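Everything below concerns the one structure shown next.
Read-outs: derived from the displayed coordinates by stated rules, not from any lab. Here the structure is a predicted model, which means the values were calculated and not measured. No Cβ is skipped: glycine too gets one built from the backbone with ideal geometry, and neighbour counts run over all protein chains shown.
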Amino acid sequence: MSRDVRSLQQESPLVFELSRPGRSGYQVPPTSDTLPEFEVPANLKRHTAPRLPEVAENTAVRHYVNLSTRNHHVDKDFYPLGSCTMKYNPKINDELAGLRGFSLISPWQPAADIQGALQLLRDLSDALLEVTGMDDITLQPAAGAQGEFTALLMFRAYHLKQGNARKRIVIPDSAHGTNPASIVLAGYGVTQLPSDSKGLMDIDALKRTLDEDVAGLMITNPNTIGLFESNIAKIIDLVHEAGGLVYMDGANLNALMGIARPGDMGFDACHMNLHKTFSTPHGGGGPGSGPVAVSGKLAKYLPVPVITRKNGLLDWEFDRPDSIGSVHTFYGNFGMHVRALAYIKSMGGDGLAAISENAIINANYIRSKLSSAYQIFLHRPCMHEAVFSGNLQKAKGVRTTDIAKRLLDYGIHPPTVYFPLLVPECLMIEPTESETRETLDEFVDVMLKIDREASENPEMLKHAPYTTPVRRLDEAGAARNLNIRYFNDADA
Amino acid sequence: MQTPCFMGAGCYDHYIPAAVNAVAARSEFVTAYTPYQPEVAQGTLQVIYEFQSMVCELFAMPVSNASLYDGGSALAEAISLAHAHTKRRRIIWSDAVNPAYRRVAQTVNVAQDIAFDCVQTTGGKQAHDAFSMLLGEDVAAIVLQYPNFFGVIDDLNSVVERAHSVGALVIVITDPMAMGVLRAPGKLGADVVVAEGQPLGNYMSYGGPYLGLFCCTNELVRLMPGRVVGVTKDVDGRRGYVLTLQTREQHIRRDKATSNICTNQGLMATRATFYMSLIGPTGLREIGEACGRRAAYMMQKLAGIPGFVLPHKGPHFREFLVRVPGTAEEFFAYMAERNVLAGVPLSRIGANDDRGLLVALTETRTLEEMNRYLELAHEYVTGGHS
């Protein structure tokens, strides 16, 4: 086989294409002849082997290392993806999670064997309760979406206990897409309210919709436009007066630590994304971790098991008659819990407060620096993310998606685009606290350059990116001619 | 591990090659996010495509997603899918289905109009007769575990046929490590196949992070939860990968989405993909045989020790139930004092069976470790501890 001059844009082979019969990257130690054979009836025996790749360890390592270089990631460059909090993930977190006393323990080991693991979960719980100001917590949900769903199941259990599950959950139009999906899964209807002219919840619209059918309100604070809901106390009072409960989507908690606490605002439940605020890595889309903290009135509905102290030992308690049940097979994404506590302990309370302050300062810095060329959605200081509309560039014939794709050529991951839905041609920029001023300046410089390119050569932007491993991909074609596995034959 | 682990019940101590850790520790995989910008996420996207391809091969199914949270969440989603597809409201399963999965599936679906009927198995088998009595036109799906929670390899043919004859879907919970030696659930007529993917190169890590494997038939693909990666071309005609079938997903469909899950267990799926590439078809078969032979050996020998009873006959994969003299917790404590984690007492899983102990054997258990276990079990009886 001949080799061409190498370029990053060379097509990458699939591991199956590297496979040669008889090769392997693994050797199973021989089993002693004294053991009986493994016998299964012929009709339950596998006759055709799964076509897994047959490659040597070296081939496999090279293949995946080469693939890895085709990713943008936080350790490579700036990643200002709004609402995703792509902060630096300190390496100490991974080192501690890899300790054998954490990574090799079975979830079935008796409490006396694993007091260290349980103490870690207790300490993390206490730290998160301190940050949120809530009364009790579950670490079980494996992601933010599962966290919010868990909270809604607790709302449902609470209302059922009062004799009526109620029918609807209210959300603002700036809500994350998982909110309505979780609401339906929890058995409720969705009532979506428009934001007011300041991008905040419309109090009058809320008043009009609140009645005894409303089980609760889900609200992101700061919201997805990067604004603190300044009427939050009033909003929560109104919902409580109507007998409803209020949930805070904690996706944006990185703006609040040491500044304000959902518990003090009067929320009944809030989730946190450990993979955002508490620096556990995103892993290309998971594992996440979405603990849910609750006020006292919801504590008895928390998923089982919960940690208690029995005869001086920490242990799991399953016998909780009002519990909603379990949302995870075991206790949640423990490896992420280790990392989050490592982060909290390394930062300390003052450090966490400084994180939120710096996240806000960085976002406002970008907001101010870019306002000469990009349309600010709302003229007021933002929290941890700055939201722009690409309307000015659209007038030059360039869409927000073109700006995003052009950023890739400069080696920067684009912001979140076209969300929240109420901002036309939206660019939602969350720099996080962990970037230097030089990085922010470079980003601003690139964004201003792209704006100039939009004026001078809009056509060029419409075909960006040019330098990435692949260029714009035919997404519609992928859905039309579905190819989602390599061996696309009847045999599988 | 200095303390040999005979504990299983849903998570297993298989060997993890060092190369898995080396590759999975790369920042490029660890610190990337969901592939929203496919041009700079081809590494993650291609790995998921390879993952889907390998999982389809394991189970002999045409469609796999990019993974779900864990085995329990995969079962919960399979049940919502069956409910949505059939518009029927009953689910039938048995006590041979992992109780933790059942708890998660019931919790997640509590607000749906679904009723769960649990069949009591006899002799550890998910028998045709018990299911047949409950099967009717209102059944959305039956849930079978294969090998089942007690390690028994059931012949599911007749119960699958019977379920299909009343229009119910068949959800099979299986074990990826058994797929080198056991007939694939796709060949048994499964409509949905789910599994805990932890044994594929992921640490036990006190219960998480793991990954749920999820496969279904082509007919059900539009209702499938979770992410899916497909092949496409870029503007220059180069092969590339994108998230596809996104019209099922919450960020587009919002309240009409098939599920609220908007991620996968990316890094765990990456580990699984890399693990499967290393072991290949031969490794998978050899590991399967090694597990099965160890289980058969331990069953044979334990049955010969007075007071130890093996209630389930027939072929087992990697795990079996034994009733020990005295309570399983007492036996576990005796063994633990002697540095052996002897198994998982059923009472710890909430089952009403004080004597039952689930014993698991992976390829990492040596003959010396097994013989030490047997010696200690013998001593336990003869030393009058029971």
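See the values below:
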{"quantity": "Exclusive hit being within 9 Å of chain A (Cβ to nearest Cβ) and within 14 Å of the chain's Cα centre (by Cα), set B:G207, B:G186, B:G201", "calculated": "B:G207"}
{"quantity": "Residue match in segment A:148-155 (condition: free of Cβ contacts under 8 Å to residues at least 40 places away in the same chain, in a helix (DSSP H, G or I) and under 18 Å from B:Y69 (Cβ atoms))", "calculated": "no"}
{"quantity": "Complete set of residues in segment B:8-24 that are touching a strand residue (DSSP E or B) at 6+ places or on another chain (Cβ under 7 Å) and either more than 7 Å from chain A (Cβ to nearest Cβ) or not in a loop (DSSP other than H, G, I, E, B) (or both)", "calculated": "B:G8, B:Y12, B:D13"}
{"quantity": "Residue under evaluation A:D75, criteria (1) in contact with a Lys or Arg (Cβ under 6 Å, 6 or more places away or on another chain); (2) facing chain B (nearest Cβ under 7 Å), criterion not met", "calculated": "(1)"}
{"quantity": "Qualifying helices (runs of 4 or more DSSP H) (wholly inside segment B:73-171; at least 2 residues being basic (K, R) and under 19 Å from the mean Cα position of the chain (by Cα))", "calculated": "B:99-108"}
{"quantity": "Which listed residue is crowded, with 24+ Cβ neighbours inside 10 Å, at negative phi and among the hydrophobic types (A, V, I, L, M, F, W, C), from B:I287, B:I349", "calculated": "B:I287"}
{"quantity": "Residue within segment A:366-388 that is part of a loop (DSSP other than H, G, I, E, B), among the basic types (K, R) and within 17 Å of A:I450 (Cβ to Cβ) present", "calculated": "no"}
{"quantity": "Index of the failed condition, B:S27 passing every other in (1) within 7 Å of another protein chain (Cβ to nearest Cβ); (2) surrounded by fewer than 24 Cβ atoms within 10 Å (Cβ to Cβ); (3) over 21 Å from A:N333 (Cβ atoms)", "calculated": "(3)"}
{"quantity": "Subset of segment A:44-72 [in a loop (DSSP other than H, G, I, E, B), at the interface with chain B (Cβ under 7 Å from one of its Cβ atoms) and surrounded by fewer than 18 Cβ atoms within 10 Å (Cβ to Cβ)]", "calculated": "A:A49, A:T69"}
{"quantity": "Selection within segment B:289-340 - closer than 17 Å to B:G151 by Cα, assigned to a helix (DSSP H, G or I) and either within 23 Å of the chain's Cα centre (by Cα) or among the aliphatic types (A, V, I, L, M) (or both)", "calculated": "B:E289, B:A290, B:C291, B:G292, B:R293, B:R294, B:A295, B:A296, B:M298, B:M299, B:L302, B:A303"}
{"quantity": "Pair list, Cβ < 9 Å and 6+ apart or interchain, from segment A:421-450 residues that are closer than 18 Å to A:D409 by Cα and touching a residue at least 40 places away in the same chain (Cβ under 8 Å) to residues that are part of a loop (DSSP other than H, G, I, E, B) and polar (S, T, N, Q)", "calculated": "A:L448/A:S372"}
{"quantity": "Condition broken by A:G390, with the remaining ones in (1) surrounded by fewer than 24 Cβ atoms within 10 Å (Cβ to Cβ); (2) over 24 Å from the mean Cα position of the chain (by Cα) satisfied", "calculated": "(1)"}
{"quantity": "B:G288 vs. criteria more than 7 Å from chain A (Cβ to nearest Cβ), in contact with a Leu (Cβ under 8 Å, 6 or more places away or on another chain), in contact (Cβ under 8 Å) with a residue 24 or more places away in the chain and within 30 Å of A:S32 (Cα to Cα)", "calculated": "yes"}
{"quantity": "Residue in segment A:104-116 that is at the interface with chain B (Cβ under 8 Å from one of its Cβ atoms), touching a Lys or Arg at 6+ places or on another chain (Cβ under 9 Å) and closer than 21 Å to B:A360 by Cα present", "calculated": "yes"}
